[in-house]
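Novice: Starting off with a structure, shown below.
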Amino acid sequence: MLICGSASVTIGQDKTIKGLQETSDKKAFSNDTSHVKGWRKGGVFTLNAGQGSSKNWAAGAEKFSLSIAGYLSLYANYRSGKFKWDNTLDMGYAMVNTTSTGLRKTDDKIDLYSKAGYELSKNFSLAGVVNFRTQFAQGYDYDYLGKGYQKSTSNFMAPGYLIIAPGIDYHPVPFFNIFFSPISSRFVIVTNQPGSYFFPDGVIPAADGGGFELPLAAGYGVDPGRKVRAEVGGFASITFAKEIFKNITYKSRMDLYANYLSTERFTATGPGQLDIEKNKSKPQNVDVFWTNLIVMKVNKFLNVTYNFDLIYDDDVRQFGDKKSSAAAQLRSLLAVGFSLTF
């Protein structure tokens, strides 16, 4: 399921061996049909950088900017007869430093996806998925209350998402599959305490508009006193991984989750005090996690990559004029850099 393979140096080898290696490399971008028994492991590491500068530029430009992005994608797949177990771990971190805004992160993710299945027929398997997502470091709202304040909005395991889902896996071709689970569990975890307030005890001074801050956990629909929200719902995961043109590969995964249980909405009523409103379940408000990666191979070590992620979570209500609405979260990154496959 992971678009990773093993690159080989072919100096001094004949055309037959080179042809076999080229075929092997292409298979690595989808499920490797030559892998029929035991473990197969590997990964790819990419490091991208960009720099810009200007002086006396009449049209206006940053005096200096530097961006660095690193990605590590690992896989470990097991085969034994009709049983298969696929594991992928995708990690990424990117930062940009400019003279006007300073150092900020532009990407941060940890995504572990594990699927085990037993083949029922050529196209169907009885399977189970475990997926865990979080981020490495603290994230910020850099213009909190419109005052330019820097308020923490995330951290490691704040939030974290864990999905456990038994179901059916449909795999008509090696590079595409659909997993569906009518009953699954999802846990939303926010560990930051106490509250991750910007102001002491979450009391906003009158000069900044007055009122009270919501704890960080409440912004993700989690009761701060519990730190974890458990959900039961339907889960589907659609994956695609293929070399779509020569030296251009595309990897995509879309996860959909419909929560069958009621949810909670929070309103800050005092220092450390919350009013909790129960809301009926709305499984039609499907949560979406969609990640995409396009890799254009220039040569053995140089790649052009484009990442695009979209997230919609109905319980993450941090947007809009009053910072109380859900919205589609978008992130993209185009970069050129060094790539090492192993």
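The values are calculated or read from the model by the stated rules, or taken from the named source; none is laboratory data. These numbers come from a predicted model, not from an experiment. Positions of Cβ are backbone-derived with ideal geometry, glycine not excepted, and every protein chain shown enters the neighbour counts.
Novice: Out of segment 189-213, which residues are touching a Phe, Trp or Tyr at 6+ places or on another chain (Cβ under 6 Å) and closer than 30 Å to Ala165 by Cβ?
Specialist: Once the filter is applied, which keeps residues that are touching a Phe, Trp or Tyr at 6+ places or on another chain (Cβ under 6 Å) and closer than 30 Å to Ala165 by Cβ, segment 189-213 yields only Val190.
Novice: Is it the case, given these coordinates, that Ile248 is touching a residue at least 60 places away in the same chain (Cβ under 8 Å) and within 23 Å of the chain's Cα centre (by Cα)?
Specialist: Considered against the rule, which asks whether it is touching a residue at least 60 places away in the same chain (Cβ under 8 Å) and within 23 Å of the chain's Cα centre (by Cα), Ile248 comes out as no.
Novice: Tell me whether segment 195-217 contains one or more residues that are within 29 Å of Ser252 (Cβ to Cβ), touching a strand residue (DSSP E or B) at 6+ places or on another chain (Cβ under 8 Å), touching a residue at least 40 places away in the same chain (Cβ under 8 Å) and not charged (D, E, K, R).
Specialist: So far as segment 195-217 goes, no, none of its residues is within 29 Å of Ser252 (Cβ to Cβ), touching a strand residue (DSSP E or B) at 6+ places or on another chain (Cβ under 8 Å), touching a residue at least 40 places away in the same chain (Cβ under 8 Å) and not charged (D, E, K, R).
Residue-wise test of (1) surrounded by fewer than 18 Cβ atoms within 10 Å (Cβ to Cβ); (2) touching a Cys at 6+ places or on another chain (Cβ under 7 Å); (3) modelled with pLDDT of 95 or more.
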residue	(1), (2), (3)
Gly146	yes, no, no
Ile163	no, no, yes
Pro182	yes, no, yes
Val232	yes, no, yes
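Novice: Let me ask something additional. Sort through Ala127, Ala69, Ala94 and tell me the only one that's surrounded by 15 or more Cβ atoms within 10 Å (Cβ to Cβ), in contact with a Phe, Trp or Tyr (Cβ under 7 Å, 6 or more places away or on another chain), under 30 Å from Tyr257 (Cβ atoms) and not hydroxyl-bearing (Ser, Thr, Tyr).
Specialist: The unique qualifying residue is Ala127.
Novice: Would you be able to tell me the number of residues in segment 261-304 that are closer than 26 Å to Ala327 by Cβ and in contact with a strand residue (DSSP E or B) (Cβ under 7 Å, 6 or more places away or on another chain)?
Specialist: Residues meeting the conditions: 26.
Novice: Which of the residues that make up segment 294-342 are surrounded by 16 or more Cβ atoms within 10 Å (Cβ to Cβ) and polar (S, T, N, Q)?
Specialist: Asn303, Thr305, Asn307, Gln318, Ser339, Thr341
Novice: If the Cβ limit is 7 Å and pairs must be 6+ apart or interchain, which residue in segment 78-98 that is more than 21 Å from Thr291 (Cβ to Cβ) pairs with which residue that is in a loop (DSSP other than H, G, I, E, B)?
Specialist: Correct list of pairs: Arg79/His35; Arg79/Val36; Thr98/Glu62.
Novice: Oh, and also: Are there any pairs with C-beta distances below 6 angstrom linking a residue in segment 164-190 that is over 12 Å from Phe240 (Cα atoms) and of a type in the set (Ser, Thr, Tyr) to a residue that is crowded, with 20+ Cβ neighbours inside 10 Å and modelled with pLDDT of 95 or more, with the two at least 6 apart or on different chains, and if so which?
Specialist: Pairs found: Ser181/Ala165; Ser181/Gly167; Ser181/Phe235; Ser184/Ala165; Ser184/Phe235.
Novice: So, one more: Which one of these does Lys63 not meet: (1) under 24 Å from the mean Cα position of the chain (by Cα); (2) loosely packed, with under 14 Cβ neighbours inside 10 Å; (3) modelled with pLDDT under 90?
Specialist: Evaluating Lys63 over (1) under 24 Å from the mean Cα position of the chain (by Cα); (2) loosely packed, with under 14 Cβ neighbours inside 10 Å; (3) modelled with pLDDT under 90 leaves (1) as the failure.
Novice: Looking only at segment 316-331, decide whether some residue is under 15 Å from the mean Cα position of the chain (by Cα), without any contact (Cβ under 8 Å) to a residue 60 or more places away in the chain and part of a strand (DSSP E or B). Can you show your working first?
Specialist: Residues of segment 316-331 under 15 Å from the mean Cα position of the chain (by Cα): 328-331.
Now restrict to residues that are without any contact (Cβ under 8 Å) to a residue 60 or more places away in the chain: 328-330.
Now narrow it down to the ones that are part of a strand (DSSP E or B): 329-330.
Checked segment 316-331: at least one residue is under 15 Å from the mean Cα position of the chain (by Cα), without any contact (Cβ under 8 Å) to a residue 60 or more places away in the chain and part of a strand (DSSP E or B).
Novice: Which one of these is surrounded by fewer than 16 Cβ atoms within 10 Å (Cβ to Cβ) and either in contact with an Asp or Glu (Cβ under 7 Å, 6 or more places away or on another chain) or free of Cβ contacts under 8 Å to residues at least 40 places away in the same chain (or both): Thr269, Thr291, Thr263? I'd like the intermediate steps shown before the answer.
Specialist: Values: Thr291 fails: surrounded by fewer than 16 Cβ atoms within 10 Å (Cβ to Cβ); Thr263 fails: surrounded by fewer than 16 Cβ atoms within 10 Å (Cβ to Cβ).
So the residue among Thr269, Thr291, Thr263 that is surrounded by fewer than 16 Cβ atoms within 10 Å (Cβ to Cβ) and either in contact with an Asp or Glu (Cβ under 7 Å, 6 or more places away or on another chain) or free of Cβ contacts under 8 Å to residues at least 40 places away in the same chain (or both) is Thr269.
Novice: Here's a check for you: in segment 274-315, which residue that is outside any strand (DSSP E or B) and more than 14 Å from Tyr257 (Cα to Cα) is modelled with the lowest pLDDT? Step through it out loud before you land on a result.
Specialist: Step one: filter segment 274-315 for residues outside any strand (DSSP E or B), giving 280-286, 298-301, 313-315.
From the residues that got through so far, the ones that are more than 14 Å from Tyr257 (Cα to Cα) too are 280, 298-301.
Working: Lys280: 92, Val298: 89, Asn299: 87, Lys300: 82, Phe301: 85.
Selected residue: Lys300.
Novice: For segment 302-318, name all the residues that are within 18 Å of Lys246 (Cβ to Cβ) and among the aromatic types (Phe, Trp, Tyr).
Specialist: Hit for segment 302-318 is Tyr306, nothing else.
Novice: Within segment 196-239, can you find the residues that are among the aromatic types (Phe, Trp, Tyr) and not in a loop (DSSP other than H, G, I, E, B)?
Specialist: The answer is Phe212, Tyr220, Phe235.
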